[in-house]
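Read the structure below first, then the notes.
The values are calculated or read from the model by the stated rules, or taken from the named source; none is laboratory data. The structure presented is a predicted model; accordingly, all values stated were derived computationally and were not measured. Please note: Cβ atoms are built from the backbone with ideal geometry, for glycine as well, and neighbour counts cover all protein chains shown. Side chains included, ligands, DNA and RNA excluded: accessible areas come from the protein's heavy atoms. Shrake-Rupley method; radii C 1.70, N 1.55, O 1.52, S 1.80 Å.
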Amino acid sequence: MKIKCGPDYYMYCEHAIENEVPSLLKEHQAKNILIVHGTRSWEVAKPYMTFLNDPEWNFVYHTYSGECSYQEAANLDQIIKDNEIDFIIGVGGGKLSDLVGVTGHLSNVKYGVIPTLASNCAPWTPLSVMYKENGEAEGKSEHYKRQAAFLITDPNLVIDSPVEYFIAGLADTLAKWYESVAILEQKDLQNEPFLQMAKAATEVCRQSILTDGTKAIEDMKNKVVSDEFVRLSEIIIAVAGLVGGLGDKYARNAAAHALHDGMGKYIPESHEYLHGEKVAYGILYQLALEDKWDEIDALMPMYQTLDLPLSLHQMNLYPQDEKVIDDIVAFMDGKEKVHLIPIEINQPILKDKLLQLEGYMGRYQ
């Protein structure tokens, strides 16, 4: 097992950005700093980043392409070389955090992240989901041993992001439980201390979402920085990332994320849906694989309340060509983590359960 717990320094509270980032840049003896940012989120975040006016540092700015791609990482590497950059700060969402992480890894430069929304655990995890410049999924992730030097943000900044990203983040975080529990409860893993810590983290994710998720969403809609909103957004960003950091391949992802990745690779139209929305459908598929149809029924009130996807047909993504389904199934079958689920897994079973799920969900549409 490889234990990669998380960023070197983490803080999520009011004034954290303005109070903590300058001292951390000094700690790392940064001088020439590359700021990688988006567009709308950058305008919202700038008022929190008062240190940008400090003449102690030389800042270079880059608006990223919108994708975490090898081409964009190469573009950043050239900027790093041309400007003798010794530190990178990423300000934005999940893809931007992934881009900064993989660039820091490939270019051998320290980096920190300032998330502007809570949509997944990308700012926490030392891996990057790779895409092509046109938005098509590469179908693979880059894993690296380097961790972020810091992850710092402010709930007043996060609450100003679109609520649909937060809802997708809750769904993505809920998957931590459903993808991990059957694996982690196997007898031969019961005495592994880090795996049991990972399992405890998945339980925090699940119980917190089921208990406080609805109120946190309403508070975000009303721009109320409540205890529930702060707790749930922190769980999406940090605790969810800790699950895979402590549990490695046994708790990082399984069938729900494998289906997400397969959809991204073979159904280009799926790009219009957020990561967490597709993972929400993947949770249903994970449960179908395990024949936990009652659990699917139990999740339906929440799914319908949050308007989460229920099927490929409902999303208008079911392919006309059956070969696409076969390609997705073959892709999932090639993922080691899918085969960690303690049930029989092969391509016929993977396909049959996908088709069963599509038929089963018709009763809810």
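General observations
- Some residue of segment 97-113 being modelled with pLDDT of 95 or more and assigned to a loop (DSSP other than H, G, I, E, B): yes
For (1) of a type in the set (Gly, Ala, Ser); (2) at pLDDT below 95; (3) assigned to a helix (DSSP H, G or I); (4) over 16 Å from the mean Cα position of the chain (by Cα), each residue gets a yes or a no:
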position	(1), (2), (3), (4)
Ile217	no, no, yes, yes
Leu232	no, no, yes, no
Gly244	yes, yes, yes, no
Tyr281	no, no, yes, no
Ala288	yes, no, yes, yes
Asp297	no, no, yes, yes
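- Taking each residue of segment 247-258 that is touching a residue at least 24 places away in the same chain (Cβ under 8 Å) and looking for partners that are in a helix (DSSP H, G or I) and among the small types (Gly, Ala, Ser) with beta-carbon atoms closer than 6 Å, six or more apart or interchain, yields Gly247/Ala198; Ala251/Ser180; Ala251/Ala198; Ala251/Gly244; Arg252/Gly244; Ala256/Ala175; Ala256/Gly282.
- Answer residue from segment 68-88, given it is surrounded by 19 or more Cβ atoms within 10 Å (Cβ to Cβ) and either among the charged types (D, E, K, R) or under 18 Å from the mean Cα position of the chain (by Cα) (or both) and is nearest to Ile236 (Cα to Cα) among those: Cys68
- Flag if Lys140 is basic (Lys, Arg) and at pLDDT 95 or above: no
- Extreme residue, most open to solvent (accessible area, probe 1.4 Å), among residues of segment 246-259 that are part of a helix (DSSP H, G or I) and within 23 Å of Leu151 (Cβ to Cβ): Lys249
- When the criteria are applied in full, Tyr318 fails the requirement of being at pLDDT 95 or above, in contact with a helix residue (DSSP H, G or I) (Cβ under 8 Å, 6 or more places away or on another chain), not in a loop (DSSP other than H, G, I, E, B) and not small (Gly, Ala, Ser).
- Selection from segment 42-73 of residues that are under 18 Å from Ser97 (Cβ atoms), part of a helix (DSSP H, G or I) and among the aliphatic types (A, V, I, L, M): Val44, Ala45, Ala73
- From Glu164, Glu138, residue being open to solvent by 10 Å² or more (accessible area, probe 1.4 Å) and either within 17 Å of Tyr64 (Cα to Cα) or touching a Leu at 6+ places or on another chain (Cβ under 8 Å) (or both): Glu164
- Within segment 261-277, the set of residues being open to solvent by 10 Å² or more (accessible area, probe 1.4 Å) and either in contact with a helix residue (DSSP H, G or I) (Cβ under 9 Å, 6 or more places away or on another chain) or charged (D, E, K, R) (or both) comprises Asp261, Lys265, Tyr266, Glu269, His271, Glu272, Tyr273, Leu274, His275, Glu277.
- So Val158, is it among the aliphatic types (A, V, I, L, M), open to solvent by 10 Å² or more (accessible area, probe 1.4 Å) and modelled with pLDDT of 95 or more: no
- Test: residue in segment 31-46 that is among the hydroxyl-bearing types (Ser, Thr, Tyr), surrounded by fewer than 20 Cβ atoms within 10 Å (Cβ to Cβ) and free of Cβ contacts under 8 Å to residues at least 40 places away in the same chain: yes
- Complete set of residues in segment 321-352 that are assigned to a loop (DSSP other than H, G, I, E, B) and either in contact with a Ser or Thr (Cβ under 9 Å, 6 or more places away or on another chain) or not charged (D, E, K, R) (or both): Gly334, Ile341, Pro342, Ile343, Ile345, Asn346
- Scope segment 291-306; condition touching a residue at least 60 places away in the same chain (Cβ under 8 Å) and open to solvent by 90 Å² or more (accessible area, probe 1.4 Å); matching residues: Gln304, Thr305
- Across segment 47-64, the qualifying residues are those that are hydroxyl-bearing (Ser, Thr, Tyr) and surrounded by 15 or more Cβ atoms within 10 Å (Cβ to Cβ), and the one among them that is farthest from Ala137 (Cα to Cα) is Tyr48.
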